[in-house]
1. H185 versus (1) in the same structural domain as F541 (by the TED database); (2) within 30 Å of G56 (Cα to Cα): which is the lone unmet condition?
2. So which residues in the range 344-357 are open to solvent by less than 50 Å² (accessible area, probe 1.4 Å), under 27 Å from E501 (Cα atoms) and of a type in the set (A, V, I, L, M, F, W, C)?
3. Looking only at the range 92-118, which residues are within 41 Å of the chain's Cα centre (by Cα), within 15 Å of G49 (Cα to Cα) and not acidic (D, E)?
4. Restricting to the range 162-181, name every residue that is closer than 15 Å to L386 by Cα and among the hydroxyl-bearing types (S, T, Y).
5. Could you look through the range 18-68, keep only residues that are more than 17 Å from R124 (Cα to Cα), hydroxyl-bearing (S, T, Y) and in a loop (DSSP other than H, G, I, E, B), and pick out the one that is farthest from the chain's Cα centre (by Cα)?
6. Quick one: count up the residues across the range 435-447 that are closer than 19 Å to I494 by Cα and open to solvent by 70 Å² or more (accessible area, probe 1.4 Å).
7. Residue by residue through the range 464-487, note down the ones that are under 15 Å from A548 (Cβ atoms) and open to solvent by 30 Å² or more (accessible area, probe 1.4 Å).
8. Could you identify the single residue in E149, E126 that is within 24 Å of G43 (Cα to Cα), surrounded by fewer than 19 Cβ atoms within 10 Å (Cβ to Cβ) and of a type in the set (D, E)?
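The values are calculated or read from the model by the stated rules, or taken from the named source; none is laboratory data. On a predicted model such as this, the values are computed, not experimentally measured, just so you know. Glycine gets a Cβ as well: all are built from the backbone with ideal geometry, and neighbour counts include every protein chain shown. The area values use the complete protein model at the heavy-atom level, side chains included, leaving out ligands, DNA and RNA. Shrake-Rupley method; radii C 1.70, N 1.55, O 1.52, S 1.80 Å.
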Amino acid sequence: MAETDQALPPSDQLAAMNLTDTVEKHAFSDRVLIRSIVGRPDGGAGLAGQRVRAGGWVKTGREQGKGTFAFLELNDGSCPANLQVIVDAGLAVLSKLVATGTCVVVDGILKVPPEGTRQKIELRVEKVVSVGEVDPAKYPIPKTKLTLEFLRDHLHLRARTNTIAAIARIRNALAFATHSFFQEHNFLYVHTPILTTSDCEGAGEMFQVTTLISESEKLEKELIKNPPPSEVDIEAARQVVSERGEAVKQLKAAKASKSEITASVAELNKAKENLSKLEERSKLKPGIPKKDGKIDYTQDFFARQAFLTVSGQLQVETYACAVSNVYTFGPTFRAEHSHTSRHLAEFWMVEPEIAFADLQDDMNCAEAYVKYMCNWLLDKCLDDMLFMAKSYDKGCIDRLRMVASVPFVRISYTEAVELLEEAVRGGKKFENEVKWGIDLASEHERYLTEVKFQKPLIVYNYPKGIKAFYMRLNDDLKTVAAMDVLVPKVGELIGGSQREERYEVIRERILEVGLPLEPYEWYLDLRRYGTVKHCGFGLGFERMILFATGIENIRDVIPFPRYPGRADL
């Protein structure tokens, strides 16, 4: 530091310093990230003597030395670790700083604490810049251990807890890894619509999007406030039109001046416009518009039924059939009244689509993608994973390492059923019956991956009766070229298939499963015009987070869970 800087007060010295030469300063803030201090290999000890500005929320605080100073554990969300901050009583009212949840910004000097302490570095405060106070009697997120169920009732504050913050960083890392993987492999990121008129799954469990209800309610209020005209009102308006028309005729017959005729015609037109408005208003009826006894969706916002998407797959296929390798990554929705720990009404899906590729290529891509994400977490997010291992699932890191390093087992659906039947004969009891043709239940999937093979596996060639219409029909006419990736902890993580590229076959499949052809004509066009062999899959993003972290309930790995009866914030 220059001699002129040494003569400045501490706060001005801080402002004059170029912190980027010493500690990583946030690019768009006047503070440094706590991660850049405590996240170093030496725990920050090498930064002793540096002056910094730090900000964060107090995890724990306590007054010491008979109230002469206070210890604060400060966290800004950049990493799981806290920065220990020491504040003397002469700098602030300590009782206002020590409450859990208090936000403080402080200037100070980094110092190595006495030997024998857990911390490698601590911040001795020289100035308290700002304080966001908390009333500990009312603050709903105290430092005591809280259940994840309790935190769901405080969505707006739960990110301040160690667990939810760690999950947020892990989720962020997995999203980054997703884009990195597909970008590195020359996939184009395509934004598919959230509003759709197609039911990809054919299950019908979709949220409908309509303005008919709100428009109907608005109309009912309007008609109460301003009732529609009666037939007497309309007849009176017709009479005025007739009188105005007769007046124009008389003026023309009398060869009146042009200005007189123009003025009279204007009055006639005004009368006609008033009559038209009254006649139109008289047709207004309360309630949702109907035609032939059914809801008239031509009066809706999109002039047809529309829904929140359950998948971006069908739409992203249009780009795969033009630019080859694509993926979409966004929210999807399912109106399924399920209260299990594995279901959400709103969740995120990663859906790649590969042209000029078959089922084998699909399985290769899915396996490589899952391994990539596991390695990414181990490389980039190990501190958060260590926290999850300590707090929730001791085996989560070993599970990531195993999945990242071993080849996935690949067996046909028929072989999978035979193995399950063999287990039943050996005394294994399943709640769901095992026989060829069933959709494998989670207990079946987890038995195969956790007990039978003790590693990830891919099951392929499922019965056509339990899979979607767009999956390619195999030569046996009984199975389709579908595949599911099963992993320990969650069972099915990925579902995918080679798509049916033959026009006549897919047309027949749509009719076979009872879907109308009209909404899928555009999808059939992809087979009519320049059809191409292609495949793809969908990964449930929240399921990947469950697998990685060991968290039990899917509602705890999405920032704002939506499920039956709950859509907070």
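1. Every condition holds for H185 apart from (2).
2. Selection gives M349, V350, I354, A355, A357.
3. G108, I109, L110, listed by residue number.
4. T163, the sole residue that qualifies.
5. T22
6. Residues flagged as closer than 19 Å to I494 by Cα and open to solvent by 70 Å² or more (accessible area, probe 1.4 Å) within the range 435-447 amount to 2.
7. none
8. Being within 24 Å of G43 (Cα to Cα), surrounded by fewer than 19 Cβ atoms within 10 Å (Cβ to Cβ) and of a type in the set (D, E) holds for just one of E149, E126, which is E126.
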